[in-house]
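J.: Okay, here's the structure, questions in a sec.
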Amino acid sequence: MTVLASRHETSPVLPAEADFLSLARAVMGFAPAGAVGPLLAERRQPVELGDRATAVLRDILARGLVRALIRGGGHAIRRAGTTDARTRRGRIWERHAPPRTTIGRASLTLLRRLYVASALDDPSRIEAIDVELTDADEVIFLLAAACCAAAGMRRAVRAPAFERSLLVRIAFPEAQRLPLAAGSVAAWLSGPRAIVLEGLRDRLAQHVTRAERMRRGATTPEEAIAIEASITAGTLAFGRAIVEAGRPDLALFLLDGARPLIVDRASASPDVWSVSCARGRPLSERSRLLQGAFPLLETVLSFRSVLARARAVGFVDDGHDEAQAIIEALEWWGETGFDRAGAVVRALSSIPSESGIVGGGA
């Protein structure tokens, strides 16, 4: 494979280094994930990077981080908090000073293990990484997981190497099913990690949509129920904890991800939310599978109270600017979205089962 020229390169790198850098470039979004499929599929010998290749790698990772936060949602003009604790409309770089963050040893270790171990093999071969992740590492781990999935190697996302990443846990709940560690949310409420959540809002929203559609496409009831449980314990638990900690603005990716699922009136039809494997099964089993939609919908509806609290903040009250930002962000939901979500819950709740009525409520 050929590595595109970097401003740090004054002469070619070694072939093994070139392959390693091609993997890094695909992970960071500078090359199609499919282009590195062979690198992820084959077992290789470890590679030691020389000074020039190391400089190129640092350049790829640094530029890729900025790219990920801009394209993942930071480019959008939004009214939100700023570094100096004010509220301002603008893109992420207009509202925040560049965060002080470091690409840690964990990222290089992950790339090395993906390079050496075949992603087509048992995921357990991509061993756990016993190093704390920095803010930058979290983003790189998420990008690496997404690259594996896009290259057709979704099984690799189950690897122990990804277990330390909270972003991977909430973006790929079906793959990383460990419960959230106690206190894991606190570090994301302010500082660089809060900026990361803002910058990845659109990307995380896409994962929310994808996970629900994956639940609907499950091939067995057991798979559908397992996906539902992992979404509830991972993605939704994180979002609820963020809201309860007083930062609902950082959990808006949940609503953004749910919106495409209820954007039209047809979404209230139970058939839309049915799991594909439910056809032909007993009524009680079909009803249980429909219940899998409730955790996401009920989390969405819990934002009604967030909107109500924001509307209750007066002009001269503390937190008025933050409240207005929430009101603006939830405008569609207040006018249309919450009613649509409630209609879906009512429609699904009206489906009888052999033992009564499907649970849930608006």
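Every residue, every condition in (1) surrounded by 15 or more Cβ atoms within 10 Å (Cβ to Cβ); (2) closer than 18 Å to A341 by Cα; (3) within 23 Å of the chain's Cα centre (by Cα), yes or no:
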{"residue": "P248", "(1), (2), (3)": "yes, no, yes"}
{"residue": "L255", "(1), (2), (3)": "yes, yes, yes"}
{"residue": "A258", "(1), (2), (3)": "yes, yes, yes"}
{"residue": "L261", "(1), (2), (3)": "yes, yes, yes"}
{"residue": "A266", "(1), (2), (3)": "no, yes, no"}
{"residue": "W273", "(1), (2), (3)": "yes, yes, yes"}
{"residue": "S276", "(1), (2), (3)": "no, no, no"}
{"residue": "R281", "(1), (2), (3)": "no, no, no"}
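J.: Taking the stated definitions as given, is G246 outside the structural domain of R158 (by TED's automatic domain parsing), at positive phi and of a type outside the set (K, R)?
T.: yes
J.: Another question, then. Which condition does R79 not pass, out of (1) within 22 Å of L167 (Cα to Cα); (2) of a type outside the set (A, V, I, L, M, F, W, C); (3) in contact (Cβ under 8 Å) with a residue 24 or more places away in the chain; (4) touching a Lys or Arg at 6+ places or on another chain (Cβ under 8 Å), if it passes all the others?
T.: Condition (1) is where R79 drops out.
J.: Between residues in region 23-35 that are on the phi < 0 side of the Ramachandran plot and touching a residue at least 40 places away in the same chain (Cβ under 8 Å) and residues that are buried (at least 19 other Cβ atoms within 10 Å of the Cβ) and among the aromatic types (F, W, Y), which pairs lie under 8 Å by C-beta distance while being six or more apart or on different chains?
T.: So the pair list comes out as L23/Y115.
J.: To continue, here is another question. Test A144 against the stated conditions and say whether it is within 24 Å of A211 (Cα to Cα), in a loop (DSSP other than H, G, I, E, B) and not hydroxyl-bearing (S, T, Y).
T.: Here the answer is no, as A144 does not meet what is asked.
J.: Let me ask something else about it. Among the residues of region 321-330, is any of a type outside the set (K, R), touching a Pro at 6+ places or on another chain (Cβ under 9 Å), surrounded by 14 or more Cβ atoms within 10 Å (Cβ to Cβ) and free of Cβ contacts under 8 Å to residues at least 24 places away in the same chain?
T.: no
J.: So, in region 147-187, how many residues would count as being touching a Phe, Trp or Tyr at 6+ places or on another chain (Cβ under 8 Å), of a type outside the set (V, I, T) and in a helix (DSSP H, G or I)?
T.: Result for region 147-187: 5.
J.: Could I ask something else about it? So V313 fits all but one of (1) in a helix (DSSP H, G or I); (2) free of Cβ contacts under 8 Å to residues at least 40 places away in the same chain; what number is the exception?
T.: It fails just one condition, (1).
J.: Does T219 satisfy the condition of being assigned to a loop (DSSP other than H, G, I, E, B) and either among the polar types (S, T, N, Q) or not assigned by TED's automatic domain parsing to the domain that holds E163 (or both)?
T.: yes
J.: Here is a follow-up. With the condition kept exactly as written, say whether any residue in region 252-268 is over 23 Å from E335 (Cα atoms) and of a type in the set (S, T, N, Q).
T.: No, that holds for no residue.
J.: Please name all residue pairs, on different chains or six or more residues apart, with Cβ atoms under 9 Å, provided the first residue is in region 145-171 and is within 14 Å of I129 (Cα to Cα) and the second residue is surrounded by fewer than 19 Cβ atoms within 10 Å (Cβ to Cβ) and among the polar types (S, T, N, Q).
T.: R158/S124; A159/S124; P160/S124; A161/T109; L166/S184
J.: Looking at S118, S124, S107, which one is among the polar types (S, T, N, Q), within 16 Å of L39 (Cα to Cα), in the same structural domain as G50 (by TED's automatic domain parsing) and in contact (Cβ under 8 Å) with a residue 24 or more places away in the chain?
T.: That would be S118, the only listed residue that is among the polar types (S, T, N, Q), within 16 Å of L39 (Cα to Cα), in the same structural domain as G50 (by TED's automatic domain parsing) and in contact (Cβ under 8 Å) with a residue 24 or more places away in the chain.
J.: A follow-up question, please. Name the pairs: first residue in region 228-242 and at negative phi and among the hydroxyl-bearing types (S, T, Y), second residue assigned to a helix (DSSP H, G or I) and crowded, with 22+ Cβ neighbours inside 10 Å, Cβ to Cβ under 6 Å, at least 6 apart or on different chains?
T.: Cβ pairs passing all conditions: T235/I170.
J.: Then there is this: If you check V306 against the conditions, is it surrounded by 13 or more Cβ atoms within 10 Å (Cβ to Cβ), part of a helix (DSSP H, G or I) and touching a Pro at 6+ places or on another chain (Cβ under 7 Å)?
T.: yes
J.: Would you check if E94 is free of Cβ contacts under 8 Å to residues at least 40 places away in the same chain and either surrounded by 13 or more Cβ atoms within 10 Å (Cβ to Cβ) or in the same structural domain as A136 (by TED's automatic domain parsing) (or both)?
T.: Taking the combined requirement at face value, the residue satisfies it.
The values are calculated or read from the model by the stated rules, or taken from the named source; none is laboratory data. Here the structure is a predicted model, which is why all the values come from computation and not from measurement. No Cβ is skipped: glycine too gets one built from the backbone with ideal geometry, and neighbour counts run over all protein chains shown.
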